[in-house]
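Visitor: Have a look at this one before I ask anything.
Every number here is computed from the coordinates shown, using simple stated rules; none is lab data. These numbers come from a predicted model, not from an experiment. Cβ placement follows ideal geometry from the backbone for every residue including glycine, while neighbour counts extend to all protein chains displayed.
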Amino acid sequence: MTTYITTPIYYVNAQPHLGHAYTTIVADTYARFRRLAGDSVRFQTGTDEHGDKIAEAADKEGVSPKAYVDRISAMFSDTWPTLDIVPDNFIRTTDADHVATVQNILQQVYDKGDIYFDKYTGLYCTGCERFLTEKELVNGKCPDHQTVPDEITEQNYFFRMSKYQQDLIDHIKGNPDFITPERYRNEVLSFLSEPLEDLCISRPTSRLTWGIPLPFDDKFVTYVWFDALINYLTGIGYPDSEQFKSYWDVAEHVIAKDILKPHAIYWPTMLLSMGLPLYQKLHVHGYWNVDETKMSKSIGNVVRPAELVEEYGVDCVRYFTLREMSFGLDSSFSADAIVARKNSDLANDLGNLYSRSTAMLIKYTGGVIPEPVASDDDTVMRDLARDVVTTYTEKMGDFQFHRALAAVWELISLANKYIVTNEPWALAKEPERAGRLHTVLYNLHETLRLLTLLLQPVMPGTCKKMAKGLGIAEDSPLVTSLDAAGWGGLQAKTELTRIDALFPRMDTKKKKQQAPPKEKTKKKQKQKVKKTENMEGLITFDQFQDLELRVAEIVAAEPIKKSDRLLKLSVKAPEERTIVAGIAEYYKPEDVVGLQVLIVANLKPVKLMGIESQGMVLAAKVEEEGGSRLVLSAVSAPVPAGSKVA
Ligand code: MSP
């Protein structure tokens with residue numbers, strides 16, 4: 001099998017941060033996982049170097065665009081090795097072969113009649129580098145950049161995107177895994193339910209020269225998205241190379257939700273026009289925030305990967321990001337959260353298991369793996385290991401990294417309990433129970449070998465150390481191939497090597513002292529009031545104030561399997577949260593996306609059909625003949641998502 005996995009190519013108007021690092025760690029981990037499964041893999045990342053934003057950034061620094069992009073692009077390519085990210089190709093859109101490929105494709109699409117010249121007036125956002133529709137604006141501003149877009153009229157070239165709208169809808173409907181998680185697929189389908197406009201794909205050289213000249217009109221350069229998306233083809237030598245033939249059919253792109261539209265709409269319609277097969281899958285993840293707020297230069301809370309690696313170590317950063325974020329949803333980074341994961345999951349659970357087990361082996365058998373007793377029917381570790389390998393393989397393949405890791409940690413936790421229940425130190429005192437001791441020690445070390453294998457894609461450096469400690473060559477199939485994920489690969493008589501502790505614990509005291517003392521919350525005082533003042537069904541003003549009502553915008557909705565009544569809603573209020581609402585009998589998922597509704601925002605989360613619901617949507621219950629129906633509450637004019645209802 002073959003795998004082709006890509007990240008977005010990052011703009012060089014900013015230095016790499018946690019968000020870029022996460023996407024690239026995900027792609028690297030997936031590439032390593034597919035290699036473990038025996039695939040021949042190609043993993044590509046790179047930098048996007050044309051366009052208004054870059055030209056502006058270079059201008060600000062008073063250097064030429066080329067000098068500027070060379071410098072920042074190197075910052076990206078230099079960052080990846082520090083995170084143990086090893087792409088097979090690092091592409092730059094200023095590379096000569098990319099420029100030639102873009103021009104070649106433009107000419108092809110133009111000759112086919114899918115590009116035409118026209119006059120256009122639109123609202124242009126420099127931050128997004130694209131024209132926005134009225135519908136996309138919130139209070140007249142770009143919701144992502146909080147700036148009022150400029151009204152621009154100019155003559156430009158347009159790509160007939162609308163021509164391929166129905167083909168794209170059919171493809172998405174016919175291929176449920178084309179865009180995942182499902183909430184993003186629904187978002188795209190909902191967007192496609194309105195007529196698609198054609199895409200402006202040029203910029204006049206009077207306004208911008210830092211771009212690829214159109215091959216059929218040198219008074220224009222190519223719109224940066226039309227240029228950038230083609231990187232996925234250039235990087236594998238489109239159209240004639242062998243690599244293109246083997247990899248294009250299996251292409252999988254990883255992106256965050258910010259660039260869903262270009263990847264789910266522009267790119268597939270471009271491919272349809274070129275007569276190429278569409279990519280296989282688009283994997284869309286959420287945003288990393290920092291301490292619950294948006295990461296931004298102006299707030300000064302941008303998290304730099306190099307600093308994280310310096311503070312916590314590369315494998316801790318890789319593990320933390322993959323374990324902490326549910327792929328598809330937003331997540332919040334905080335120093336406390338990463339320290340907690342490091343101390344608990346890595347130092348306590350994994351690190352202790354490794355050091356306790358190997359220390360006992362060194363003590364009781366001189367560090368030589370013993371032969372387990374064949375007749376011993378102790379299969380507890382082996383049984384769970386088999387299930388964990390199955391779950392792990394499925395979840396890693398589905399980009400559910402946090403679930404795959406949770407499964408692996410079940411195995412670690414059982415192994416730690418296994419030590420306690422079997423008390424090898426007591427067995428060692430009774431020579432007649434040596435056979436039992438050997439089985440227990442073997443089972444523990446075979447579990448360590450399996451952990452070394454399964455954690456490879458996530459923590460490659462640590463796994464090399466673990467393999468070395470177990471006396472296994474780091475490139476041995478025993479720790480680098482899923483074919484060896486069955487029980488019993490570890491050979492008796494293998495000799496351990498002493499290694500240092502895998503994860504030293506981090507001191508949390510210092511941080512705690514610095515934290516500001518917790519304010520006595522008003523809420524606590526109010527709760528007291530509540531108990532004493534409940535008269536005749538009336539509530540006090542204070543009690544009402546305990547309810548936090550907010551306006552939430554529904555950004556995605558999906559049905560819940562096995563429930564006719566419930567819909568899973570993703571809402572912005574203003575942070576993103578999931579609410580399970582009993583409205584499925586009255587609303588289709590696609591009809592509620594985009595609505596602003598009222599919610600109770602401070603309800604204790606509850607699990608409904610296995611999904612954590614973080615709030616409640618308010619709706620009017622209308623009693624009618626033959627039953628009742630629900631009508632969602634709304635505000636009379638659009639307001640920013642998250643506005644408080646007073
Ligand atoms: N150049 C375009 C992509 C062209 S791909 C053909 C671009 N570049 S970008 O530098 O803005 O990168 C956006 C991507 O960076 C996101 O899709 C995501 O992969 C990553 N992230 C940037 N900020 C992020 C967060 N705060 N959280 C998670 N990922 C984020 O768009």
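Visitor: State, in angstrom, two size descriptors of segment 540-627 derived from its alpha carbons: Rg to one decimal place and Dmax to the nearest whole number.
Guide: Rg then Dmax for segment 540-627, in Å: 13.6, 41.
Visitor: Relative to the compact globular guide of 2.2 N^0.38 Å, what is the alpha carbon radius of gyration of segment 321-366, as a ratio?
Guide: On the way: Rg = 15.7 Å, N = 46, 2.2 N^0.38 = 9.4 Å.
It is 1.66.
Visitor: Could you tell me the largest-minus-smallest coordinate of the C-alpha atoms of the chain on each of the three principal axes, in descending order and whole angstroms?
Guide: 91, 80, 53
Visitor: Continuing with this model, one more query. Which value in Å does the Kirkwood hydrodynamic radius of segment 399-451 take, with 1/r averaged over all unlike C-alpha pairs and then inverted? Display every interim value, and only then the final one.
Guide: Working: mean 1/r = 0.0817 Å⁻¹.
Roughly 12.2 Å, rounded to one decimal.
Visitor: Going by how many other beta carbons lie within 10 Å of each one, how would you line up 292, 410, fewest first?
Guide: On the way: 292 10, 410 13.
Fewest-to-most ranking of 292, 410: 292, 410.
Visitor: A further question follows. Given the convex hull of the Cα atoms of segment 357-429, what is a quarter of its surface area in nm²? Can you show the working numbers first?
Guide: Working: hull surface 23.4 nm².
Mean projected area for segment 357-429: 5.9 nm², to one decimal.
Visitor: So what's the back-of-envelope 222 nm ellipticity for the chain, counting only DSSP H runs of four-plus at -39500 (n - 2.57) apiece and dividing by all residues, rounded to 500? Before the final figure, lay out the partial values.
Guide: Numbers: 24 runs with 255 residues, N = 646.
Mean residue ellipticity, 222 nm, calculated: -12000 deg cm²/dmol.
Visitor: For segment 376-417, what is the Kirkwood estimate of the hydrodynamic radius, computed as the reciprocal of the mean inverse distance between distinct Cα atoms, to one decimal in Å?
Guide: On the way: mean 1/r = 0.0950 Å⁻¹.
By the Kirkwood definition, the hydrodynamic radius is 10.5 Å.
Visitor: Sticking with this structure for a sec: Quick check on the exposure proxy: order 252, 612 from fewest to most C-beta atoms within 10 angstrom. Walk me through the numbers before you get to the answer.
Guide: Working: 252 17, 612 12.
Final ranking by Cβ density, sparse to dense: 612, 252.
Visitor: Using a cut-off of 9 Å between beta-carbons, work out the net charge of the residues near residue 93 (Lys and Arg +1, Asp and Glu -1, residue 93 not included). Write down the numbers at each step before the final one.
Guide: Working: positive: 92; negative: 48, 49, 95, 227.
So the surrounding residues net to -3.
Visitor: When you have a sec, figure out the Kirkwood radius of segment 1-107 from all distinct Cα pair distances and drop it here in Å to one decimal? Each step should come with its number before you reach the end.
Guide: On the way: mean 1/r = 0.0674 Å⁻¹.
Answer for segment 1-107: a Kirkwood hydrodynamic radius of 14.8 Å.
Visitor: How about the chain: what cysteines have no other cysteine beta carbon under 4.7 Å from their own?
Guide: 200, 316, 463
Visitor: Which of 589, 168, 123 sits farthest toward the positive end of the charge dipole of the chain, with +1 on the Cβ of Lys and Arg and -1 on the Cβ of Asp and Glu?
Guide: After comparing all options, I get 589.
Visitor: Then there's this: Which whole DSSP H helices in the chain pass both tests: a Cα extent of 24 Å or more along the axis and a mean Kyte-Doolittle value no lower than 0.0? Write out the running numbers ahead of the final one.
Guide: Working: long enough: 18-36 (26 Å, -0.04); 65-82 (26 Å, -0.38); 380-397 (26 Å, -0.29); 401-422 (31 Å, 0.59); 434-455 (31 Å, 0.64).
Answer set is 401-422, 434-455.
Visitor: Still on this structure, I have one more. Can you give the Rg to Rh ratio for segment 370-503, taking only C-alpha atoms and Rh from Kirkwood?
Guide: Working: Rg = 14.9 Å, Rh = 15.4 Å.
Rounded to two decimals, Rg/Rh equals 0.97.
Visitor: Using Cα pairs closer than 8 Å and at least 6 residues apart in sequence, work out the relative contact order for the chain, in percent.
Guide: Details: 1055 pairs, mean separation 75.8, N = 646.
So the answer I get is 12 percent.
Visitor: If you don't mind, another one. Could you work out how far the C-alpha centroid of segment 205-235 sits from that of segment 397-421, in angstrom?
Guide: Spelled out, the Cα-based centre of one part sits 48 Å from the other.
Visitor: In whole Å, what are the extents of segment 300-451 along the principal axes defined by its C-alpha atoms, from largest to smallest?
Guide: On the principal axes, segment 300-451 reaches 65, 31, 22 Å in Cα extent.
Visitor: Two decimals is fine: what's Rg over Rh for segment 216-331, C-alpha atoms, Kirkwood radius as Rh?
Guide: Numbers: Rg = 18.3 Å, Rh = 17.2 Å.
For segment 216-331, the value is 1.06.
Visitor: Could you pull out every residue, at least 5 positions away or on a different chain, whose amide H is within less than 5 Å of the one on residue 294? Hs are placed 1.01 Å off N in the peptide plane, and Pro or chain starts have none.
Guide: none
Visitor: Cα-Cα pairs above 24 Å in segment 120-211: how many percent? Show your work: numbers first, answer last.
Guide: Working: 1461 of 4186 pairs.
Summing the P(r) of segment 120-211 above 24 Å gives 35 percent of all pairs.
Visitor: Additional query: Past 29 Å, Cα to Cα, is the threshold; run 363/417; 257/468; 294/417 against it and keep the listed order. Can you show the working numbers first?
Guide: Numbers: 363/417 20 Å; 257/468 40 Å; 294/417 40 Å.
Table pairs above 29 Å Cα-Cα are 257/468; 294/417.
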